[in-house]
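To start, the structure under review is shown below, and the notes come after it.
The values are calculated or read from the model by the stated rules, or taken from the named source; none is laboratory data. Not measured: the values here are computed from a predicted model. With ideal geometry, Cβ positions are generated from the backbone for all residues, glycine too; neighbour counts draw on all protein chains shown.
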Amino acid sequence: MHRKPSRVSFRSPWRGCAFAAALALAAPAFAHEHEPAATQPADASEDLGRITFPTSTRVPAAQAAFERGMLWLHLFEYRYAADAFRKAQQLDPGFALAYWGEAMTYTHAIWNQDDAAAARAALARLGPTPQARAAKAPTEREKAFLDTGEQEFGPGTLAERDARFLAATQALARRYPDDDEAQILYALALLGVSRGERNLDHYLQAAAISRRVLAHNPRHPGAAHFWIHGMDDPQHAQGALEAAAALSKIAPGAGHAQHMVSHIYIALGMWDEVIAANEQAMRVVAAQAKREGKTEPGCFHYDEWLQYAYYQVGRMHDGQRLLAECVALGPKRLGQMLVEPGGSAKELAAFQRNLHGSLVRMRATAVVESASDAAFDATLSVDTSDLGTDDARDAFARGHAAASAGDSTVATAQAAALDALVAAAGARAAAEPQADDEKKHELERASILSDLLHATVDAREGRAEQGLARARSAAKRYEAMPFDFGPPVVFKPPRELAGEILLQLHRPKDALAEFDLALKMAPRRALSMLGRARAFAAMGDAAAARKAYTELAAMWVHADPDLPARAEVGAGQAQ
């Protein structure tokens, strides 16, 4: 399913994820959540896959370190990659591609992150100018690889630099058609050139290139990884199941690799697989933290996906446990960072901001997915002073929990607070006509959250028709936005809410249509499946209701015994 005919975007977990960046074990200036700390693990036996990347260095240990850096780079474990490339530089100070490799760790295009200054500084240690640096690359092939970095980190805007990088990698791939590393670098450029605005043609082309590389080298981590990125939406995910199955086995030593396979599984509603992938990712992260004497925070991207998947299979207690761990362990890790040597104020502030953002998202997910825990979760104190429009998510969560509990006073107050946040953000955006697309998307998401909360309050207070109009308006605007993979970025899918209001209005046929639309965007989402079953039952279609309830029962085979809707599902199967 695509909301736009040829361009869809994905949410980098901390840009929206978006999704955009967080940390778990350390806090570099920018990093992906659960990205490892800046020192490689003591256990060098961790398997990251296999590549062949011949270079002209005459120092075998430098070559080994370089290839290790490339493996980490292919897996988006950027801090480990940078360490490995710096080690290669130390072992062979004239090793040109080791400096290129380090520079490449400072741009994270798929996450829309870029530190050009750090990349230029890395290249400058090789030589003061592109010409001086090229002179240190002994072969034409190495000069061509080095030139891709020169294009990415040369002068101009980020968009101009990315376009030059894409052109340079395309030329590299054409010149060396049998070189896996040339091909996979071109695939990465295709994925990243739009910096979060997902160009469907580019993404599918990157997936096709990656698939060919994986066929040539079944142990190539970048090939499986980028194939997944190219197809991690409900319409195409079936085509990357092979890559998902491969990546978890290729790179058991990388937490991101273990998590990444769940991008395919969540797009298909394969909840047990989503759970297994993220539980394994967290085991890898926890082992890294233990080796480094650090507390694993219990928050951030992997935990957020795991929490959401637990709720889909009816494991509400496990979902609530993850939120509790984030509340307890996140501040503990923050306290450790305050006394650790070498950290900067900027890194500490980044970690704290990302921690607050994760708490907001996990709490909002909990209050939407688990009505039995919503009242308690709404009382949790989360500092949102450093989150900007993430305040909207917090106000929505509090308001939704209050509305679900029948507290119209608090729900209405939170709706008003949310409106004020949207108005203030809109005023700031109007004063910044050059604001980037993500800021515009964030403002639109906040506005959608406002409509969803008002719709919920309206429906609870007897204004169901008004609430339905708001929910449908939110749905149209949400569907016009770039596609968001993963858990719903607005927490309560608008079509699902519209379906629930239509059931309240005794219009089950119309409700069914809304639930079906919701499930196209979020396959096998539990609350939409439950609403669909209820719609069939209200329509008097016993056979269809029984089938729908049976499908949900199969998904809930390991659900909590006290799950409130479990009795309804059992009865629905028997009707």
Examine the range 242-260 for a residue that is surrounded by fewer than 21 Cβ atoms within 10 Å (Cβ to Cβ), modelled with pLDDT of 95 or more and in contact with a Pro (Cβ under 7 Å, 6 or more places away or on another chain), and state whether such a residue exists. no
Among helices (runs of 4 or more DSSP H) lying entirely in the range 472-575, which contain 1 or more residues that are in contact with a Gly (Cβ under 9 Å, 6 or more places away or on another chain), within 30 Å of Ala395 (Cβ to Cβ) and aliphatic (A, V, I, L, M)? 494-504, 508-521, 526-539
Only one residue in Asp437, Asp458, Asp451 is among the acidic types (Asp, Glu), over 26 Å from the mean Cα position of the chain (by Cα) and at negative phi, so which one is that? Asp458
Failed condition for Gln280, given (1) over 30 Å from Val339 (Cβ atoms); (2) crowded, with 24+ Cβ neighbours inside 10 Å; (3) out of contact with any Asp or Glu (no Cβ under 6 Å at 6 or more places or on another chain), with all others met? (2)
As an exercise: evaluate Ala81 against (1) of a type in the set (Gly, Ala, Ser); (2) under 25 Å from Arg175 (Cα atoms); (3) within 34 Å of the chain's Cα centre (by Cα); (4) crowded, with 21+ Cβ neighbours inside 10 Å and give the number of the one condition it does not meet. (2)
Scan the range 61-96 for residues that are aliphatic (A, V, I, L, M) and under 16 Å from Met260 (Cβ atoms) and report the count. 4
Among residues of the range 258-274, those that are over 19 Å from Val489 (Cα atoms) and either part of a helix (DSSP H, G or I) or charged (D, E, K, R) (or both), counted: 3
From Thr157, Thr148, residue being under 29 Å from Gln131 (Cβ atoms), of a type in the set (S, T, N, Q) and either surrounded by 22 or more Cβ atoms within 10 Å (Cβ to Cβ) or in contact with a strand residue (DSSP E or B) (Cβ under 9 Å, 6 or more places away or on another chain) (or both): Thr148
Quick check on Val382: is it part of a helix (DSSP H, G or I) and either surrounded by 24 or more Cβ atoms within 10 Å (Cβ to Cβ) or aliphatic (A, V, I, L, M) (or both)? no
Just for the range 414-440: of the residues that are modelled with pLDDT of 90 or more and touching a helix residue (DSSP H, G or I) at 6+ places or on another chain (Cβ under 8 Å), which one is surrounded by the most Cβ atoms within 10 Å (Cβ to Cβ)? Ala415
Just to be sure I understand the filter: pairs with C-beta atoms under 7 Å, separated by 6 or more residues or on different chains, first member in the range 313-340 and under 16 Å from Cys299 (Cα atoms), second member modelled with pLDDT under 95 and among the basic types (Lys, Arg). Which pairs pass? Leu323/Arg363; Arg333/Lys294; Gln336/Lys294
With the checklist (1) out of contact with any Gly (no Cβ under 7 Å at 6 or more places or on another chain); (2) farther than 30 Å from Ala522 by Cα; (3) among the basic types (Lys, Arg) in hand, flag the one item Arg212 doesn't pass. (2)
Scan the range 333-356 residue by residue and report those that are closer than 22 Å to Asp394 by Cα and among the charged types (D, E, K, R). Arg353
Would you check if there is a residue in the range 84-91 being within 23 Å of Ile250 (Cα to Cα) and either in contact with a helix residue (DSSP H, G or I) (Cβ under 6 Å, 6 or more places away or on another chain) or surrounded by fewer than 18 Cβ atoms within 10 Å (Cβ to Cβ) (or both)? yes
Given (1) under 17 Å from the mean Cα position of the chain (by Cα); (2) part of a helix (DSSP H, G or I); (3) not small (Gly, Ala, Ser), where does Pro234 come up short, assuming only one miss? (2)
Are any of the residues in the range 65-75 assigned to a loop (DSSP other than H, G, I, E, B) and surrounded by fewer than 21 Cβ atoms within 10 Å (Cβ to Cβ)? no
For the range 313-326, does any single residue satisfy the condition of being aliphatic (A, V, I, L, M), outside any helix (DSSP H, G or I) and modelled with pLDDT of 90 or more? yes
Is it the case that the range 350-371 has a residue that's more than 19 Å from the chain's Cα centre (by Cα), in a loop (DSSP other than H, G, I, E, B) and closer than 25 Å to Pro523 by Cβ? yes
Is one or more of the residues making up the range 201-214 aliphatic (A, V, I, L, M) and under 19 Å from Glu67 (Cα atoms)? yes
Of the numbered conditions (1) at positive phi; (2) modelled with pLDDT under 95, Gly540 satisfies every one except a single condition; which is it? (2)
Could you list, in sequence order, all residues of the range 166-200 that are touching a strand residue (DSSP E or B) at 6+ places or on another chain (Cβ under 9 Å) and more than 19 Å from Met70 (Cα to Cα)? Val193, Ser194, Arg195, Glu197, Arg198, Asn199, Leu200
